[in-house]
Amino acid sequence: MYTRAPATLSDKPADASAIQAVVPRHVAIIMDGNGRWAKKRGMMRLMGHRQGAKAVTRTVEAAARMGVKTLTLFAFSSENWKRPADEVAGLMDLFAKVLQSERDNLHRNQIKVRFVGDLQRFSTKLVTAIDEMEELTRDNRAMQLNIAINYGGRWDICQAARALALQVQAGEITPEDISEERLQEQLAVVEDVDLLIRTGGEQRISNFLLYQCAYSEFYVTDKLWPDFDGAALQEACAYFAQRERRFGMTSEQVQALATQSK
Ligand code: FPP
């Protein structure tokens with residue numbers, strides 16, 4: 001009931017438009033470094049998260065302006081429950097506050113908001129606010145913003161597998177019908193990631209969009225998340241634009257495909 005189901009499957013990755021894209025269609029961000037940002041200033045970790053929320057607003061606006069179609073932000077992982085109770089409570093409070101304060105701004109900017117992850121563990125109040133936000137913005141078309149909370153890549157693959165198992169059990173499909181595409185259609189985030197950004201300097205995927213990042217370009221910056229802004233996003237996108245995406249092909253094949261499609 002609370003588990004967010006996917007909408008539609010976008011283009012497959014290995015087509016000419018994905019290879020030639022200058023602006024990544026789907027940007028995903030592991031927002032890391034809030035704690036270190038606060039510590040450097042002798043502040044409590046929660047202050048870092050609050051500044052991080054401001055960076056979220058800046059980044060969403062910049063991404064929409066640049067023509068990014070989908071932005072997925074890792075706001076709270078399945079593993080983040082292990083953090084000190086006051087930090088977890090502070091983050092929940094912050095999510096609720098941001099939902100309220102950014103509601104009109106997001107809607108005015110035609111951003112469609114979805115929360116992806118296992119929402120069962122959140123308070124009814126927060127889930128109601130999430131539902132209202134999703135309902136309000138459901139027809140918006142400028143950009144899709146996925147906020148991943150209580151999300152884990154392994155959880156996502158597992159819930160997709162369970163959905164397919166139920167379809168088999170109901171006699172809707174046979175085990176032979178199960179394909180990569182069908183599995184992907186059941187993921188909480190359906191679209192392949194073009195550009196994965198991680199702030200805070202660590203070179204880890206941290207159980208984020210494991211299936212969806214199969215062919216994404218990976219950009220790590222030492223910048224801490226609260227310092228991230230539109231210019232930093234542009235830098236990441238400039239890096240993306242000069243990458244040759246091969247999707248398993250040779251460089252020559254990629255160039256031939258690009259010529260054909262001109
Ligand atoms: C990781 O930094 C950050 C988080 C676990 C929380 C992310 C939350 C926000 C950016 C705030 C608001 C978000 C939304 C969507 C409203 P860390 O605390 O692990 O940093 P550290 O590695 O420096 O300790």
Of Lys39/Lys69; Lys82/Lys112; Lys82/Lys125; Lys40/Lys112; Lys40/Lys125; Lys54/Lys125, pairs whose Cα-Cα distance is over 28 Å
Lys39/Lys69; Lys82/Lys112; Lys40/Lys112; Lys40/Lys125
Whole-number accessible area per residue in Å² for the chain, which is evaluated in the context of all protein chains at 1.4 Å:
52
Cα-based Rg of segment 138-198 normalised by 2.2 N^0.38 Å, two decimals:
1.34
Give a quick list of trypsin sites (Lys or Arg not before Pro) in segment 94-161 that DSSP marks as loop, anything other than H, G, I, E or B, with at most 12 other Cβ atoms within 10 Å.
Arg138, Arg141
Sorted by packing (mean other beta-carbon atoms within 10 Å per residue), highest first, where do 160-167, 244-251 land?
160-167, 244-251
Test of the criteria: in segment 92-176, which chymotrypsin sites (Phe, Trp or Tyr not before Pro) are in a DSSP loop and have at most 14 other Cβ atoms within 10 angstrom of their Cβ?
none
Please give the length that would be gained between Arg246 and Asp104 if that part of the chain were fully extended, namely 0.36 nm times their separation in residues minus their C-alpha to C-alpha distance (nm, one decimal).
47.1 nm
Under unit Cβ charges (Lys, Arg +1; Asp, Glu -1), what dipole magnitude, rounded to 20 debye, does the chain have relative to its Cα centre?
980
Amide H to amide H, which residues 5 or more places from Arg114 or on other chains are under 5 Å from it, using H placed in the peptide plane?
Leu145, Asn146, Ile147
Per 5 Å bin, what percent of the C-alpha pairs of the chain does each bin hold, from zero upward?
1, 6, 12, 16, 19, 17, 13, 8, 5, 2, 1, 0
Report the one residue of Trp155, Gln203, Ala165 whose Cα lies farthest in the direction of the positive end of the charge dipole of segment 144-208 (charges on C-beta: Lys and Arg +1, Asp and Glu -1; origin at the Cα centre).
Gln203
Check every DSSP H run in the chain and write down those whose alpha carbon atoms cover 15 angstrom or more along the long axis and whose mean Kyte-Doolittle hydropathy is -1.0 or greater.
45-66, 85-108, 124-137, 153-169, 230-241
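The values are calculated or read from the model by the stated rules, or taken from the named source; none is laboratory data. No experiment lies behind these values; they were computed from the predicted model shown. Heads up, the Cβs are rebuilt from the backbone with ideal geometry, glycines too, and the neighbour counts pull from every protein chain shown. Remember, those area values only see protein heavy atoms, side chains included, never the ligands or the DNA or RNA. Shrake-Rupley method; radii C 1.70, N 1.55, O 1.52, S 1.80 Å.
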